[in-house]
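Taking it in order: structure first as structure tokens, then the write-up.
The values are calculated or read from the model by the stated rules, or taken from the named source; none is laboratory data. It should be emphasised that the depicted structure is a prediction, and the values quoted were computed from it without experimental measurement. Note: ideal-geometry Cβ built from the backbone for every residue, glycine included; neighbour counts use all protein chains shown. Accessible surface areas use protein heavy atoms only, side chains included; no ligands, DNA or RNA. Shrake-Rupley method; radii C 1.70, N 1.55, O 1.52, S 1.80 Å.
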Amino acid sequence: MTKTIKLLGCVALAYMMLTAASCKKKNEVIVTSNDIVTPVGPQFNPDSAYAYCAAQCEFGPRIMNSDAHEKCGKWIAEKFKQMGCDVELQKAALTGYDGTMYNATNIIARSNPDATRRILLCAHWDSRPWADNDPDSANWRKPVMAANDGASGVAVMLEVARLLSLNDSLNLGVDFVCFDAEDCGVPQWEDNSTEDTWCLGSKYWANNYQPKGSKPMFGILLDMVGGQGASFYQESISMKYASDVVGRVWNAAEAVGYSSYFVREQAGFVTDDHVYVNQTGLKTIDIISHYPNCKASSFGPTWHTVNDDMQHIDTNTLKAVGQTIIQVLFSSANE
């Protein structure tokens, strides 16, 4: 996934965004619970989400222009179709940091397409080509399996889509977007570090965004939502542009008993797909794992390493995130 909050470029980008929005009313950090609601909606099945995660990894690392990438993209699209979604494949030729052309596909699936009240759920589905944060430098040019940093977010969305296909009384539609080419940012061994080499698929999506039907009320990005020992802090760009959505999600987590995962403390700025979604005017937050005491990375010990595999995926984490998303959807439909 993206992009390291330890990089100065990320802070610079966040600062420019905050400066550009300085005329807006400042949002406060949400650290207390408000308007806690009772649990609603079906039970999220973490074993099903785990299986969806494993199925993606069975194709191998989904690095750009690879056979695994092509086959997995078709599999994801077909799964959404099987769950009754209208599916669109947004193709794009995107340029990597070194001039490599990537054949990218953003997978867009719409459940209950006629619903006028909608919510956006999104995640990236590509794998990082280089394990450049691995403790062993011999692994730096090996691809990342991306069980957590990629497959887990898509897996949660697929399980949500499956549950929605079984609950057609829900008076709400969901736009699922699987962004491509998110994790091709400049590797750490290069000197020309820059944040604009990340999130290429969401950037393209945002530049060409024309909602079909009603525009979603808000959006939620899922990034690295299946790792062992994960917790989710309130990311700073999310707080700046969509603090009310942050409050909604953290309250939902508390309502379904997962407040220990969703920490009511603010974390740093993260250059992730939600940056570009917010630029369309669609306020979107990032649910992204944060390990404040991990020396390897605040994104966790497997981030951008060869150990980002299924052995380090935890169904408890998938359950916490998935049930929270179900709570958000079904409580929003009842408003």
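Values as computed for the structure displayed
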item: The stretch 51-67, residues that are over 15 Å from Val154 (Cα atoms) and without any contact (Cβ under 8 Å) to a residue 24 or more places away in the chain; result: Ser66, Asp67
item: Matching option when the condition is surrounded by fewer than 24 Cβ atoms within 10 Å (Cβ to Cβ) and in a helix (DSSP H, G or I), among Ser260, Ser238, Ser243; result: Ser243
item: Flag if Pro143 is open to solvent by less than 10 Å² (accessible area, probe 1.4 Å), farther than 23 Å from Leu120 by Cα and not charged (D, E, K, R); result: no
item: Check on Thr315, among the polar types (S, T, N, Q), open to solvent by 30 Å² or more (accessible area, probe 1.4 Å) and within 16 Å of Val160 (Cα to Cα); result: yes
item: Cβ-Cβ under 8 Å pairs, at least 6 apart or on other chains, the stretch 165-182 side surrounded by fewer than 19 Cβ atoms within 10 Å (Cβ to Cβ), far side small (Gly, Ala, Ser); result: Ser165/Gly84; Ser165/Ser111; Asn167/Gly41; Asn171/Ala115; Asn171/Ala333
item: Criterion (of a type in the set (A, V, I, L, M, F, W, C), in contact with a Leu (Cβ under 7 Å, 6 or more places away or on another chain) and not in a loop (DSSP other than H, G, I, E, B)) met by exactly one of Leu163, Leu170, Leu120, Leu158; result: Leu120
item: Answer residue from the stretch 123-140, given it is open to solvent by less than 40 Å² (accessible area, probe 1.4 Å) and outside any loop (DSSP other than H, G, I, E, B) and is nearest to Trp189 (Cα to Cα) among those; result: Asn139
item: Lone qualifier among Gly150, Gly185 - being buried (at least 21 other Cβ atoms within 10 Å of the Cβ) and under 16 Å from Tyr97 (Cβ atoms); result: Gly185
